[in-house]
Amino acid sequence: MQRRFVHLLQRNANHAESFRSRFDDVQDSQHPEAVTVCCSDSRVLQDQIWGNEEPGHIFTCSNIGNRVVQRTDTGDVVSGDVLYPIAHTGTELAVVVGHTGCGAVTATYDALTDGVSDAPGIEHCLDILKPRLEAGVDALPSDVERAEAINRLVEYNVDRQVEFLVESDDVPESVDVVGVVYDFQDVYSERRGEVHVVNVDGETDVETLKREHPDVESRIDRLWEY
C-alpha cells in the first residue's frame, strides 16, 4: 500500500475517534445552513475557512473555478450539487468562494488571450468559464500586470457566478447569495486566510454594501470596480 495513503488512513483514524458522537443528530437527514462553492485547490480548506467542525452544518461543493453552472443539452443550468441543498434541505444561503491567484481563472485568461490546450476534462471546465470571463478580460486596462489581472478576474468570476444564481428561476428569492474571495497571498491585506466580501445578491458597490451590511463592513472590499 502506498505510504501516502497509509498516512491518510492514520489521519482518518484520528478523525473517526474525535467525531464518533458528532453524527448522532445527522445520521438520517441533513439541514445545512449554507451551501458553499469553492475552487478545487489544495490551499482552500473549505470547512476550516469557516472554522467548521460540525457535520451537517455546511454543504460543501468544489470544482475548477468555483462554478455554479452545469452545461446540459438544453443549455446552462445551476449545477446539481449546488442546487440540491437549496431544493431539498431548506438551505437559504449560498456562498461562492473564489481565491487569490486562482489557477482556473489563470488558465481561462490564457485560453482567451493566447490559446491553450489541455486534457479534455479540464478544457470542458474552462469552456464553461470562458463565456463568463471574456467580457472581463476585454475590460482589463491595457497596462495591468498579469498577477493583478488574474486577481481582478477572480472577483469578476465570483460576480458572474453570483449573477447566475440570482437570475436563475431554480433559486428562490428567499435564498441569499454572497460572493467572497479567500486571500492567502496578501492581496487584500496582510491577514492571510481572511475572506473578503465582494458581492451580495448581485450588489458589488463597496460603499453600498458597507451601508447595507454594517455587521460585516470590515470584511467588504474589492480590487476592481468595472
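Among the residues of the range 120-132, none qualifies, meaning not one is touching a residue at least 60 places away in the same chain (Cβ under 8 Å), over 19 Å from the mean Cα position of the chain (by Cα) and part of a helix (DSSP H, G or I). Only residues that are open to solvent by less than 60 Å² (accessible area, probe 1.4 Å) and in contact (Cβ under 8 Å) with a residue 12 or more places away in the chain were counted in the range 46-58, giving 6. Among the residues of the range 59-103, count how many are part of a strand (DSSP E or B), out of contact with any helix residue (DSSP H, G or I) (no Cβ under 6 Å at 6 or more places or on another chain), over 15 Å from ASP127 (Cα atoms) and open to solvent by 30 Å² or more (accessible area, probe 1.4 Å). Adding up the residues that qualify gives 2.
Results for (1) without any contact (Cβ under 8 Å) to a residue 12 or more places away in the chain; (2) closer than 21 Å to SER62 by Cβ; (3) within 13 Å of the chain's Cα centre (by Cα); (4) open to solvent by less than 80 Å² (accessible area, probe 1.4 Å), shown as yes or no for each residue.
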| residue | (1), (2), (3), (4) |
| --- | --- |
| VAL162 | no, yes, yes, yes |
| ASP176 | no, yes, no, yes |
| VAL180 | no, yes, yes, yes |
| GLU190 | yes, no, no, no |
| GLY193 | no, yes, no, yes |
| ASP201 | no, no, no, yes |
| ASP205 | no, no, no, yes |
| THR208 | yes, no, no, yes |
| ILE220 | no, no, no, yes |
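So is SER29 part of a strand (DSSP E or B) and open to solvent by less than 100 Å² (accessible area, probe 1.4 Å) or not? It is false that SER29 is part of a strand (DSSP E or B) and open to solvent by less than 100 Å² (accessible area, probe 1.4 Å).
The values are calculated or read from the model by the stated rules, or taken from the named source; none is laboratory data. Please read all numbers here as calculations on a predicted model, not as lab measurements. Here Cβ is always computed from backbone atoms with ideal geometry, including for glycine, and neighbour counts include all displayed protein chains. Protein only, heavy atoms only, side chains kept; ligands, DNA and RNA dropped before computing areas. Shrake-Rupley method; radii C 1.70, N 1.55, O 1.52, S 1.80 Å.
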